[in-house]
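Working notes for the structure below.
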């Protein structure tokens, strides 16, 4: 049996088969036995509303006037419905669409750096035998447990000495040195079948060719998942960009939101419009790749 | 079956097999780009931070004299410049961790059990519960600052409509600020732990439940005797990562309460970042980050020992 999907493979964890459908029980069970199922759905519905209603309220508020956003009694429906908040943001003092582009560029750049460096390194750790392998792997894994605050001050000085303060390099390159990507891909590569690589090696293929033409194409799902996770984490990064980005036009959306919240502290509609703009891309990404994101995160505990 | 027999032969020159040909040069060529980044932004700063902490290092002053352990001594000397602010920030982080971690374990555990009942639509609910986690802390901070605003916020408004007090100072006074910080964090990250615990539940052997049923075990008995022991490794992981995450709390305080009232809810990370990067007091801030690291390491070890002994 060629095991294409090893048990620890995050993106491919299959759902166990459902032994019996609740629909089948429904006919046999009297009503008072069905009560628990109804109660469970009620609890699930309440939890769902507790998550979705605040988000919906924010979206609706972004279409309200300043007065409407704080008027009493509060109504969920904007009256009048207006896009003034978005208009103010696009023409006002705070260059939010510049921040949006900065966030996109930083997310794309960091994702690219991680995919290239982590996949190359993971191939060596998964497939090659070399001196110092245990030490290298041990060092990388052990940093997974070190709180990031340790690196805050020294990395600030390093970035400063490289002349990277207030540039895209500051918010992409140090963040690409994390252990997660290389660890994640190593797990995946180990699970790939060896037979094809063996055959290629017997035919005289080099490691680089095997990596580029066999391992990478077989790893598309894992690479896609890592790309999405890397982009999300860069997009949402907050503390580091707050301190290493200085000029207003170089900010990304997350520190930008903090600036907005200070500049428009009583204009809730405008701040909420900013929050919507900062959330739409990640929510779209999440909707498209929900399964990959959730499964890969879920697997982190099972294999840990 | 056949490949089980074949696999030893197929595994020539493979990693892990003693005597496999070494390809040091190739391997390090593959690793070089990552190791360069790792060395410059992980290994070097880990040591550099220690060096900084041994100097009187103010970024506004060009000379940084070596002062040995003085920055650390200051942190444990009452009356020093940093003593009371640092420990009050450690206290804030401690309070937040003590109240958030148990809730961030119990709520996801219950939610995961709920999602594991073979109900229809669980994939949808799982996605919804997880969704807030993909939003950044800045988004979470500004939207809840509005929702929880004592005057303009809809939370107080709704509470008033159902006859409860409608003037609660959610973001500007304690203990309410703590309730808000913990509550918002649960709203934001409970879904993360839920999907991890859910994956752990799916991994428990169904035969164990069947055997327990045959022995006449009820629902509660099965939960205590099959579910909880089966979840132990996952729960150790979740507890460890949640403690680390809560101890690193920054954005919620920074945006929701601005560390206030006074500096009551200013977390350790918030104080370290402010001292080191905004005030330029880098030597002291580096020392603080190593003290925080040491405290967390001790807690992690204790947590790991306790949970393993239960096994």
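Every read-out reported here was derived from the displayed coordinates using simple, explicitly stated rules and does not represent laboratory data. Computed from a predicted model, the values in this text were never measured in an experiment. Cβ atoms come from the backbone with ideal geometry, glycine included; neighbour counts cover every protein chain shown.
For chain A, what is the relative contact order in percent, using Cα pairs closer than 8 Å and at least 6 residues apart in sequence?
Here the relative contact order equals 33 percent.
Consider all pairwise Cα distances in segment B:36-90 and report the whole-number % of them above 18 Å.
Cα-Cα pairs in segment B:36-90 separated by more than 18 Å: 49 percent.
For segment A:181-250 and segment B:224-291, write down the distance between their C-alpha centroids in whole Å.
Distance between centres, Cα-based: 29 Å.
Within segment A:74-99, which residues have the backbone N less than 19 Å from the label spot 7 Å out from residue A:247 along Cα→beta-carbon, could you tell me?
Correct set: A:92-99.
Once you place label points 7 Å from the Cα toward the Cβ at residue B:107 and residue B:220, how far apart are they in nm?
2.5 nm
What are the principal axis extents of the Cα atoms in segment B:88-309, in Å, biggest first?
64, 48, 26
Hey, can you rank A:189-201, B:264-276 by average C-beta count inside 10 Å, highest first?
B:264-276, A:189-201
Quick one: check the C-alpha center-to-center distance for segment B:139-217 versus segment A:50-108, whole angstrom.
Computed from Cα coordinates, the inter-centre distance equals 24 Å.
In what sequence, highest mean first, do A:235-242, B:233-240 appear when ranked by Cβ atoms within 10 angstrom?
Highest to lowest by the protection proxy: A:235-242, B:233-240.
For segment A:224-304, just say rounded, prolate or oblate: build the C-alpha gyration tensor, square-root its eigenvalues into a ≥ b ≥ c, call rounded for a/c under 1.5, and beyond that prolate if a/b exceeds b/c, oblate if not.
Since a/c reaches 1.5 and a/b is larger than b/c, the shape of segment A:224-304 is classed as prolate.
For a quick check, take a GNM of chain A with Cα springs below 10 Å and name the residue from A:218, A:120, A:152 with the largest mean-square fluctuation.
A:152
Sorted by packing (mean other beta-carbon atoms within 10 Å per residue), highest first, where do A:54-66, B:295-307, A:128-140 land?
Descending packing order for the listed peptides: A:54-66, A:128-140, B:295-307.
Nearest 500 deg cm²/dmol is fine: what mean residue ellipticity at 222 nm does chain B get from its DSSP H runs of n ≥ 4 alone, each adding -39,500 (n - 2.57), divided by its residue count?
Mean residue ellipticity at 222 nm (helix-derived): -20000 deg cm²/dmol.
Kirkwood Rh and Cα-based Rg: tell me the resulting Rg over Rh for the protein assembly as shown, rounded to two decimals.
On the Cα set of the protein assembly as shown, Rg over Rh gives 0.98.
Quickly estimate the mean residue ellipticity at 222 nm for chain A, helices only: each DSSP H run with n ≥ 4 gives -39500 (n - 2.57), and the total goes over all residues, rounded to 500.
-21000 deg cm²/dmol
Using 20 Å as the cut-off for backbone N distance, which residues of segment A:105-121 belong to the label zone defined by a point 7 Å from the Cα of residue B:32 along Cα→Cβ?
A:113-121
Take every residue in peptide A:231-241, count the Cβ atoms of other chains within 10 Å of its Cβ, and give the average of those counts.
Rounded to a whole number, the mean comes out at 4.
Picking from A:243, A:123, A:41, which is most flexible by a Gaussian network model of chain A using Cα springs under 10 Å?
Largest GNM mean-square fluctuation: A:41.
Specify whether the C-alpha gyration tensor of chain A places it in the rounded, prolate or oblate class, a ≥ b ≥ c being the square roots of the eigenvalues: rounded for a/c under 1.5, otherwise prolate if a/b is larger than b/c and oblate if not.
In terms of gyration-tensor shape, oblate.
Counting only other chains, what is the mean number of Cβ atoms within 10 angstrom of the Cβ of each residue in peptide B:188-195?
Mean partner shielding for this stretch: 3.
Give me the inter-chain shielding for A:124-135: mean count of other chain Cβ atoms within 10 Å, whole number please.
6
Among A:219, A:176, A:103, whose mean-square fluctuation peaks in a Gaussian network model of chain A (Cα, cutoff 10 Å)?
A:219
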